[in-house]
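K.L.:
Okay, handing you the structure first.
The values are calculated or read from the model by the stated rules, or taken from the named source; none is laboratory data. Every value quoted in this text rests on a predicted model; they were computed, and no experiment measured them. Cβ placement follows ideal geometry from the backbone for every residue including glycine, while neighbour counts extend to all protein chains displayed. Calculation scope for accessible area: heavy atoms of the full protein, side chains included, ligands and nucleic acids excluded. Shrake-Rupley method; radii C 1.70, N 1.55, O 1.52, S 1.80 Å.
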Amino acid sequence: MMKLAKGIDGRVSFDRRAREFETIAAMLRMYCRVHHQHSMDGALCPACVELRDYAQRRLRGCRFGEAKPTCGNCTVHCYKANMRERVREVMRWAGPRMLWRHPVLVIRHLIDSHRPAPAINQSR
């Protein structure tokens, strides 16, 4: 049975962006619990809430919409440099641990990462 992801708007969804948001949110919960000694109930510290909200805004505004590739395969890098580095730090730490805590998210992410990025329409 497939696990549903909560969408950016909080509703249950099969949307690619919703899965990516659920993945980054899970990584942030794991990272914050260990590195910022935050509570075990999944609450995030203010810095991690800021990063999660930033990622949510970027995903919501993704120009590819439903055809969104994984960020690693994307031709448009929409994160500011400092936020991109913060996300990389979280992903470097949480990525290897995700397989044990969230195997379905990892498998879905690996499948999604093999999809090519759609071409960008250059005409405006």
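K.L.:
Need the failing condition index for Ile120 against (1) hydrophobic (A, V, I, L, M, F, W, C); (2) modelled with pLDDT under 90; (3) in a helix (DSSP H, G or I), just the number.
P.N.:
(3)
K.L.:
Continuing with the same structure: Which number in (1) free of Cβ contacts under 8 Å to residues at least 24 places away in the same chain; (2) surrounded by fewer than 15 Cβ atoms within 10 Å (Cβ to Cβ) marks the one condition that Arg101 misses?
P.N.:
Going through (1) free of Cβ contacts under 8 Å to residues at least 24 places away in the same chain; (2) surrounded by fewer than 15 Cβ atoms within 10 Å (Cβ to Cβ) one by one, Arg101 breaks only (1).
K.L.:
Search segment 46-75 for residues that are within 22 Å of Tyr31 (Cβ to Cβ) and in contact (Cβ under 8 Å) with a residue 40 or more places away in the chain and pair each with any residue that is open to solvent by 40 Å² or more (accessible area, probe 1.4 Å) and of a type in the set (S, T, N, Q) when their beta-carbon atoms are under 7 Å apart and the residues are at least 6 apart or on different chains.
P.N.:
Filtered contacts from segment 46-75: no entries.
K.L.:
Okay, next question. With respect to Arg88, determine if the residue is surrounded by 11 or more Cβ atoms within 10 Å (Cβ to Cβ), out of contact with any helix residue (DSSP H, G or I) (no Cβ under 9 Å at 6 or more places or on another chain) and over 16 Å from Cys32 (Cα atoms). Can you show your working first?
P.N.:
Numbers: surrounded by 11 or more Cβ atoms within 10 Å (Cβ to Cβ): yes; out of contact with any helix residue (DSSP H, G or I) (no Cβ under 9 Å at 6 or more places or on another chain): yes; over 16 Å from Cys32 (Cα atoms): no.
No: the conditions fail for Arg88.
K.L.:
Count, please, the residues in segment 38-78 that happen to be open to solvent by less than 40 Å² (accessible area, probe 1.4 Å) and part of a loop (DSSP other than H, G, I, E, B).
P.N.:
Qualifying residue count, segment 38-78: 9.
K.L.:
Turning to a different aspect of this structure: Out of the residues in segment 104-117 that are in a loop (DSSP other than H, G, I, E, B) and surrounded by 13 or more Cβ atoms within 10 Å (Cβ to Cβ), state the one that is modelled with the highest pLDDT.
P.N.:
Taking segment 104-117 first, the residues in a loop (DSSP other than H, G, I, E, B) are 114-117.
Next, only the ones that are surrounded by 13 or more Cβ atoms within 10 Å (Cβ to Cβ) stay: 115, 117.
On the way: Arg115: 80, Ala117: 75.
For segment 104-117, the residue satisfying everything is Arg115.
K.L.:
With (1) surrounded by fewer than 13 Cβ atoms within 10 Å (Cβ to Cβ); (2) touching a strand residue (DSSP E or B) at 6+ places or on another chain (Cβ under 9 Å) as the list, and Arg19 as the residue in question, which single condition is left unmet?
P.N.:
The one condition Arg19 does not meet is (1).
K.L.:
Report, by residue number, each residue of segment 1-37 that is part of a loop (DSSP other than H, G, I, E, B) and at pLDDT 65 or above.
P.N.:
Just the residues of segment 1-37 that are part of a loop (DSSP other than H, G, I, E, B), to begin with: 1-4, 7-11, 14-15, 36-37.
Result: Asp15, His36, Gln37.
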